[in-house]
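Read through the structure below, which is laid out as structure tokens, and then see the notes.
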Amino acid sequence: MGKRHNIKGEILEIWEEDNGVIYFISNNGNIYEITNNQIKLKEKVGDQVITAGLTDIIDSDALIEKGKVEALTDTLVSEPLDNGLTATVRKGQGLFISDQNGRVLYALNEATSMPNNNITYIKYDHHGTLWGIMDNGIFAIALPSAYSHFTNDDGLSEGVISITKFKDNIYAGTLNGLFRLQGTHFVNVGLGNFACWELSASSDRLLAATATGIYLIKPNGTYSLISSEGALSVYDAGDVIYSGEMGGLFTMTPDGKNRKKVCNLEKVSAVICDKHGDIWIQNV
């Protein structure tokens with residue numbers, strides 16, 4: 001690149017400003033800029049040798065604006081993606097994908113099968129692949145991600161037995177209660193630590209068949225118990241709610257009233273309705 005330059009010291013960071021000029025800083029405090037394939041000294045920020053860890057990323061804004069060498073402590077790198085999404089690297093925490101409102105959609109880190117959390121650089125190629133550097137290699141991620149893996153580390157109890165989407169929220173029924181995804185973690189919605197066998201979502205309510213009865217969850221997250229009989233399955237037919245229970249199939253109104261038995265078949269584990277309006281049930 002141009003004529004040879006005698007640059008002493010270890011290069012700590014290299015970056016590109018919005019004007020297209022590339023800068024880098026060495027550990028002797030010199031900031032260099034590359035213009036027209038020529039390297040020249042821009043300024044010196046100190047006479048002391050600068051020390052930085054292998055995973056530290058120098059804050060280029062602090063260098064240019066304040067002449068101070070500072071390592072980023074939280075958000076290390078942000079990279080715009082397609083469809084208003086943003087990829088963000090947090091120091092020692094991995095990679096986070098957020099929507100245009102800043103809401104974290106999912107995380108990619110050691111808990112979700114990434115080799116490690118020490119990511120130092122990412123770049124999107126605008127062809128569906130996000131490239132990145134971590135302290136033991138290079139990675140490439142197809143976006144949107146093929147899958148996200150949620151475990152106990154993300155707040156989700158073991159034994160997931162049902163899952164559905166209701167009003168832009170993901171609900172998961174487990175052997176230890178009903179959970180809702182908030183950001184990158186699942187939280188117990190508060191129905192209790194009982195098995196949630198099945199979920200049935202409609203436009204204005206979510207029904208949960210649990211070991212202690214059927215709960216109705218409203219769009220704002222509030223809930224009420226409409227039946228105190230343990231249910232293995234539930235089907236929302238609008239004006240009628242079907243409850244599959246150990247003792248048979250029951251119907252009731254959405255407020256839990258007018259409960260009556262419509263089938264003696266025991267241990268009803270599934271209830272569905274076909275296109276003709278006929279109700280089909282399965283038992284175990």
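Taking 0.36 nm per residue of separation and subtracting the Cα-Cα distance, full extension of the segment from Leu175 to Asn264 would add 29.4 nm. Sites listed here are chymotrypsin sites (Phe, Trp or Tyr not before Pro) in region 209-269 whose DSSP assignment is loop and whose Cβ has at most 12 other Cβ atoms within 10 Å, and the list is empty. Applying the criteria of a DSSP loop state and at most 15 other Cβ atoms within 10 Å to the trypsin sites (Lys or Arg not before Pro) of region 76-116 yields Arg103.
Over region 196-262, the ratio between the Cα radius of gyration and 2.2 N^0.38 Å evaluates to 0.97.
Amide H contacts of Gln182 (H built 1.01 Å from N, in plane; Pro and chain starts excluded): Val187 sit under 5 Å, all sequence-distant by 5 or more or on other chains. Here the 3J(HN,Hα) profile of region 217-227, calculated from phi with Karplus coefficients 6.51, -1.76 and 1.60 at θ = phi - 60°, is 9, 8, x, 7, x, 6, 9, 8, 8, 9, 8 Hz, Gly and Pro shown as x.
Approximating the spin labels as points 7 Å out from Cα along Cα→Cβ, the Glu43-to-Lys167 distance works out to 5.2 nm.
If R0 is taken as 51 Å, the Cβ-Cβ distance between Asn220 and Ile14 corresponds to a FRET efficiency of 0.55.
Given a Förster radius of 41 Å and the C-beta distance between Thr35 and Glu110 as r, what FRET efficiency does 1/(1 + (r/R0)^6) yield to the nearest 0.05? Efficiency, from the Cβ-Cβ distance: 0.50. In a DSSP loop and with at most 10 other Cβ atoms within 10 Å, there are no chymotrypsin sites (Phe, Trp or Tyr not before Pro) in region 184-213.
Sorting 34-43, 165-174 by their mean Cβ neighbour count within 10 Å, with the most densely packed peptide first, gives 165-174, 34-43.
Restricting the calculation to Cα atoms, region 164-284 shows an Rg/Rh of 0.96 when the hydrodynamic-style radius is the Kirkwood one.
Laboratory data are not the source of any read-out in this text; all were calculated from the coordinates shown. Quantities reported herein were computed from a predicted structural model and do not represent experimental measurements. Backbone-built Cβ (ideal geometry, glycine too); neighbour counts: all protein chains shown.
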